[in-house]
Structure formats: structure tokens, C-alpha cells
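The structure appears below as C-alpha cells.
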Amino acid sequence: MKEAFLQRMQELLKEEYPQFVESLMKPRFRGVRKHPLKLSQETLHALFPYPLKRAPFCADMYYLPQGVEALGNHPLHFSGAIYIQEPSASAPAEVLGVEEGDWVLDLCAAPGGKSTQIAGKLANSGLLVANEYDAKRAHILLSNMERMGFGETIITNAHPKEFAQQCAGWFDKVLVDAPCSGEGMMKKHDAAGADWSIAHVNACADRQVQILISAIQALKENGVLVYSTCTYAPEENEMVVARILKQCPDLKQEEITVSFGRIGVPCAGMDHTKVRRIFPMDGGEGHFIAKFRKCGKTKQSRIRGKKPSILTTAQKQQLQTILNMPTGYYQLDQDQLYFRLQPFIELGSIRILRQGIRCGTFIKQRFEPHQHLFTAVALHDAFHQYYECDEAHLQQFLRGEELDVKGYHGYTAITWQSLPIGFGKGDGTHIKNKYPKGLRHR
Ligand code: SAM
């Protein structure tokens, strides 16, 4: 870790600095966040292989005990019932105050920690647009959203400026969890320590101001903006708040009424008592959060719904052999079928990776379902056939093997502890494995 960084931390933390240095020697905080629509607290405690202690940042967040190895191979993870996340990273979405029915934009969304949390709060109402600028990371975001079964979402891959031009004044809530110098990530990524420089901190700050300008453009009048970073540098935190307040007089700082963390560091041009900082001494690796309201008049670009596709009787019948679809909207994109409970939205030139639930593909006279149809929370109870795996069958299924199970004909949801994991196709004597090749255990 660079000397200049440690010196700045000493100036920032003063008498608490020794505690900070001590925290650098300890293993990093790790957490597991429960899917609020897939799992109750009791079921999580019953199924999780280790004792869990609640973290203060969000009702669904728990500390992973020290020494626990990766949980990416646990069935709770495969079934989208949990998300592994640094505990304090769950604080910004909490501060955003999402309510059912809101239109929410997560402008810097990959890999999806905060988007999956926001979508859980929306509970299939309203709309979440999860945008990621980096194309590769946008696909990771998509796979996490699909694994956790969200459908009333649009996943986009756009530059914030391009996005804001298209969707000016659309959103009740916007989250900017900005790319930053990552001082709170040094224990996880050695590179964050090795690459640290004041020039990088300042370059990140300039980029953060630009991203915030786009975020404000996307907000409705009276809408709420939350800005967060996982760095300690005042240049990227309080000073960015002061810069954006100066540039956008319609933006007002809002109180953050939470019991975790502490107030910010004094800085001219902003109210440091209205922002929140979390240091390792507060139970997380590090986050900064500021909240604003947009007060002035807002120019709104037109919101246009897409004309729904009308399915043929044969197409409906093919779908109905698998499940009873709830009332909603269909979109056919060539042979691909998508479904949403609310109308599909037109997004002009914005690159959309997914809008709604990807149901599957019409191939000649048949319909081949997609994994998303079976993970989607909105459809959990809609299937005609479920096969509940015991431990042995679960492992076989996750490895991509056929299941030696009689009596199932056609597409079948495969569940573990009643949580859908994927699907198979029964022929009466076996269930052929349809778990996506990219997800299988090797
Ligand atoms: N919110 C995410 C989560 O909770 O999983 C983490 C977001 S991460 C801190 C910041 C993201 O911003 C990265 O995925 C990065 O690719 C993206 N990013 C990089 N440059 C950007 C830019 N100029 N505009 C917007 N986003 C950018």
C-alpha cells in the first residue's frame, strides 16, 4: 500500500488511524444478501451451511463468518436466492428509498449488487433500468439479474450521456454507484492499492461529476438521486458533492436517516452532516453515500411503449403446454419471445441486452424455453410440472446429467427446496437436462 495513501488516511482519520491500519491486517468483511422474494429469513438460516449474523446496512444482509470459502457453488446461489456482496455495499440502495411502482435507474450497475437489491424492493412493480457502460461487465450484470429471476427490468449497455439524452426526466429514483479509485477495495483487489495515485483520484472525480450530470438529466422533477463510491478520498466524495451542487442549482442535499456509519468530513459548498461514510471501524470495507432531490422544472423526453406482439393460437398453445402465463405483454423479436407484466418500453438507439423475461424460442412447430422463464420470480408458481431434487439429483442436474426419474412428460421445472434452479424435459422414463452449458458444474 502506498505511503502517500496511508498518510492521507492518517490526516482523514486522526486518532482513529491505528484502528484503520489494524483493520487492513484483518480479513475483509464479506456478506450474503438474501433475495426478499425467494427466501424467508427462517429458510435462509435453515438452509445456509454456516451461522449468519445480521449486518446493519440492510434488512437482508448478513455477515459471512471469517474463513468461509467461496459460496458460488452453493445451491442457494444457483437458485438465485442469495447474492454475495461486501456488506456496506448494500447501504446505497437502502438510502435510495425505493418504493413499489417507482421507475428506478441504476446508471453504473455491473456486476449487479445494487440492481438485484433494487429489483427485490420493486417486487415486480414499476421499472428498473440497470445500465452498464462496459459491454463485458454488462453481460455479467445480465447473468446475475437472470439468476435472481428479475423480469420487470431493462438491462442496457450505454454511456451515461447517451442514456440521459434518450430518457431525460423519466425516473423517480436514480442511483450512481460510480467508478472510483476503490480505496475501500484494496484488500479485495491488490491492483487498487498498486495503481493508487492522487492523479487517478482526481481523474475519477472529474468522471464522477460528468456521470452525475447525466444522472440528474434522467431524473424526474422532485426525483431522488443517490451517489455512492467505495473510496475514502474526499476529492471523490464530499468535494464531488460540492462540485455538483454548484453546477446544478436545482439539486438539494437530502438528509440520510440511518443508524449505520458516520457523517462526512467538512467541506466548503456542501453539508457534510447530510452524507454518510462507512469505514472498516463501522463494520464494512468502505462506502460513501450522498442523497439529493431535484427541485427545478424538468424537460421530459417522450416515453413510448412498444406495440405488443400478438401470438398466434398455435404459439399460445405451445407456451400453455409448459405453464399458465399471467396476464401481461409479449414481444416477439424474430423467433425470440419476451414477456413483461407491464408494457415494453421503446429506448431508441440505446443498446438493450434484455427487456422483460426471456421466455424462449419458437423453432418451426415447437417452442424451446429459456432458463430465464424458470428463474423468473413472477412465474414461480405457474408451471404444470415440478421435479423436486434430492441432494444426489441436485448434483447430477447441476453437472448437466440426465435424471433417472419416471413419470414426467415434457418441460419440467427442476427445484431444490422448492426453489427453481432450471428445467429439464421428461420422456416418461428420464428427465433430459436443459441446464445451460455455461452454468454447469465441471
Ligand atoms: N453498482 C455496481 C454493483 O453494486 O454491483 C458496482 C458498480 S462499479 C462501482 C462502477 C461501474 O461503472 C463499473 O461497472 C464500471 O464498468 C462502470 N463505468 C466505468 N466507466 C464508466 C463511465 N464513464 N460511465 C459510467 N459507468 C462507468
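What number of residues in the range 350-378 are at pLDDT below 95 and polar (S, T, N, Q)? Of the residues in the range 350-378, 1 are at pLDDT below 95 and polar (S, T, N, Q).
The single condition from (1) β-branched (Val, Ile, Thr); (2) assigned to a helix (DSSP H, G or I); (3) over 13 Å from the mean Cα position of the chain (by Cα) that VAL68 fails is (2). When the range 21-48 is examined, which residues are found to be among the aliphatic types (A, V, I, L, M), closer than 23 Å to ASP282 by Cβ and open to solvent by 60 Å² or more (accessible area, probe 1.4 Å)? Hit for the range 21-48 is MET25, nothing else.
The rows are residues; the columns are (1) at pLDDT below 95; (2) within 16 Å of the ligand (Cβ to nearest atom); (3) farther than 15 Å from GLY296 by Cβ.
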{"site": "ASP172", "(1), (2), (3)": "no, no, yes"}
{"site": "CYS180", "(1), (2), (3)": "no, yes, yes"}
{"site": "ASP195", "(1), (2), (3)": "yes, yes, yes"}
{"site": "ASN202", "(1), (2), (3)": "no, yes, yes"}
{"site": "ILE216", "(1), (2), (3)": "no, yes, no"}
{"site": "LYS220", "(1), (2), (3)": "no, no, no"}
{"site": "VAL226", "(1), (2), (3)": "no, yes, yes"}
{"site": "ILE244", "(1), (2), (3)": "no, yes, no"}
{"site": "GLN247", "(1), (2), (3)": "no, no, no"}
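Does any residue of the range 194-208 turn out to be within 26 Å of PRO27 (Cβ to Cβ), surrounded by fewer than 20 Cβ atoms within 10 Å (Cβ to Cβ) and under 20 Å from the mean Cα position of the chain (by Cα)? No - not one qualifying residue is present in the range 194-208.
Being within 10 Å of the ligand (Cβ to nearest atom) and modelled with pLDDT of 95 or more: is that true of ALA91 here?
Taking the combined requirement at face value, the residue does not satisfy it.
Scanning the range 106-124 for residues that are away from the ligand (no atom under 12 Å from the Cβ), aliphatic (A, V, I, L, M) and not in a helix (DSSP H, G or I) yields a single hit, ALA123. Restricting attention to the range 163-186 and to residues that are part of a helix (DSSP H, G or I) and among the small types (Gly, Ala, Ser), the residue that is nearest to LEU105 (Cα to Cα) turns out to be ALA164. If you scan the range 1-53, which residues turn out to be among the hydrophobic types (A, V, I, L, M, F, W, C) and within 17 Å of TYR83 (Cβ to Cβ)? Residues satisfying the conditions are PHE29, VAL32, LEU37, LEU39, LEU44, LEU47, PHE48, LEU52.
Within the range 324-366, the set of residues being of a type in the set (Asp, Glu) and either in a loop (DSSP other than H, G, I, E, B) or over 19 Å from LYS307 (Cβ atoms) (or both) comprises ASP335, GLU346. Considered as a group, the residues in the range 147-162 that are outside any loop (DSSP other than H, G, I, E, B) and surrounded by fewer than 24 Cβ atoms within 10 Å (Cβ to Cβ) include one that is nearest to the ligand (Cβ to nearest atom), and that residue is PRO160. In the set (1) touching a residue at least 24 places away in the same chain (Cβ under 8 Å); (2) closer than 18 Å to GLY283 by Cα, the condition left unmet by PRO51 is number (1). Restricting PRO56, PRO87, PRO18 to residues that are under 23 Å from the mean Cα position of the chain (by Cα), open to solvent by 30 Å² or more (accessible area, probe 1.4 Å) and closer than 14 Å to PHE279 by Cα narrows the list to PRO56. Just one of (1) open to solvent by less than 70 Å² (accessible area, probe 1.4 Å); (2) under 18 Å from SER79 (Cβ atoms); (3) not in a strand (DSSP E or B) fails for ASP381. It is (1). Cβ separations smaller than 6 Å between residues 6+ apart or across chains give the following pairs from the range 62-74 residues that are more than 17 Å from GLN395 (Cβ to Cβ) to residues that are open to solvent by 70 Å² or more (accessible area, probe 1.4 Å): TYR62/ARG54; TYR63/LYS53; PRO65/TYR50; GLN66/PRO27; VAL68/TYR50. Only a single item in (1) within 27 Å of ASN202 (Cβ to Cβ); (2) surrounded by fewer than 21 Cβ atoms within 10 Å (Cβ to Cβ); (3) in contact with a helix residue (DSSP H, G or I) (Cβ under 8 Å, 6 or more places away or on another chain) is not met by LEU105, and it is number (2).
Look through the range 182-193, keep the residues that are more than 13 Å from the ligand (Cβ to nearest atom) and open to solvent by less than 20 Å² (accessible area, probe 1.4 Å), and return whichever of them is modelled with the lowest pLDDT. Among residues in the range 182-193 that are more than 13 Å from the ligand (Cβ to nearest atom) and open to solvent by less than 20 Å² (accessible area, probe 1.4 Å), the one modelled with the lowest pLDDT is GLY193.
The values are calculated or read from the model by the stated rules, or taken from the named source; none is laboratory data. As the structure is a computational prediction, the values presented were derived from the model and not from experiment. All Cβ positions, glycine included, derive from the backbone under ideal geometry; neighbour counts span all protein chains shown. Note: areas computed on protein heavy atoms with side chains; ligands, DNA, RNA excluded. Shrake-Rupley method; radii C 1.70, N 1.55, O 1.52, S 1.80 Å.
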